[in-house]
Amino acid sequence: MLINHRYVVLCAGSTLIALLDQIVKLLVRRNLVLYQPVEVIPGFFNLTYLRNRGGAFGLFSDAPDFMMAVFIGGSLLATGMIVYIYSRVQPGQYGVSAALIMILGGAAGNLIDRVFFGQVVDFLDFYVGTMHWPAFNVADSFITVGVGLFCYYALIKKVPV
């Protein structure tokens, strides 16, 4: 049976992203103290180890326990949708493919946290003065950039997906 090389690229790329995310989160869990910021750029950026039971950027972090099943189910549904959309991408549409790989890899990284730890590790803490952007992680970054790229190609460049 011949395996479509595009799916090898999808699996390899998203696995590398999820692996990078998990390695960085492991380093955070082992080297940072929970809730104790480490100042990197004064007045702008800290590394702060946080545990997030909610969605991206801390949304719904105080949600009841059953929401974990909703987040996991949503991640699995999103994974299926990404694979389906990827199957419809025409050869040579590298930007769209890269966007979907980033989204899938980021979703997988956060899904691993939810399934094995019941929460997601966040640690990237940007702020100005006392105003902090919600903390996030490597997986969230890939998801955000991937969604932005996907929207660019689908809405601006009008690439059929």
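Please go through the range 32-53 and give me each residue that is touching an Asp or Glu at 6+ places or on another chain (Cβ under 7 Å) and assigned to a loop (DSSP other than H, G, I, E, B), ordered by number. Within the range 32-53, just 37 meets the criteria. Note on the range 113-143: residues that are surrounded by 15 or more Cβ atoms within 10 Å (Cβ to Cβ), under 17 Å from residue 55 (Cα atoms) and out of contact with any helix residue (DSSP H, G or I) (no Cβ under 8 Å at 6 or more places or on another chain) amount to 1. Please tell me if residue 50 is under 14 Å from residue 120 (Cβ atoms), in contact (Cβ under 8 Å) with a residue 60 or more places away in the chain, hydrophobic (A, V, I, L, M, F, W, C) and buried (at least 16 other Cβ atoms within 10 Å of the Cβ). Here the answer is yes, as residue 50 does meet what is asked. Taken over the range 144-155, the criterion of being more than 23 Å from residue 48 (Cβ to Cβ) and either modelled with pLDDT under 95 or surrounded by fewer than 20 Cβ atoms within 10 Å (Cβ to Cβ) (or both) is satisfied by 147, 148, 149, 151, 152, 154, 155. Of all residues in the range 75-127, those satisfying the criterion of being more than 21 Å from residue 154 (Cβ to Cβ) and part of a helix (DSSP H, G or I) are 75, 76, 108, 109, 110, 111, 112, 113, 114, 115, 116, 117.
Taken over the range 1-31, the residue count meeting the criterion of being part of a helix (DSSP H, G or I) and either aliphatic (A, V, I, L, M) or exposed (fewer than 12 other Cβ atoms within 10 Å of the Cβ) (or both) is 17.
In the range 74-93, the residues that are more than 14 Å from residue 106 (Cβ to Cβ) form Cβ pairs under 6 Å with partners that are in a helix (DSSP H, G or I) and modelled with pLDDT of 95 or more, at six or more places apart or across chains, as follows: 86/10; 86/100; 89/96; 89/97. In this structure, does residue 63 turn out to be among the aliphatic types (A, V, I, L, M), assigned to a loop (DSSP other than H, G, I, E, B) and within 15 Å of residue 114 (Cα to Cα)? Spelling it out, residue 63 is indeed among the aliphatic types (A, V, I, L, M), assigned to a loop (DSSP other than H, G, I, E, B) and within 15 Å of residue 114 (Cα to Cα).
Of the residues that make up the range 113-135, is at least one of a type outside the set (Val, Ile, Thr), over 28 Å from residue 92 (Cβ atoms) and touching a Pro at 6+ places or on another chain (Cβ under 7 Å)? For the range 113-135, residues of a type outside the set (Val, Ile, Thr), over 28 Å from residue 92 (Cβ atoms) and touching a Pro at 6+ places or on another chain (Cβ under 7 Å): present.
The values are calculated or read from the model by the stated rules, or taken from the named source; none is laboratory data. Predicted, not measured: the structure shown is a model, and the values here were computed from it. Ideal geometry is used to build each Cβ from the backbone, glycine not excepted, and the neighbour counts take in all protein chains shown.
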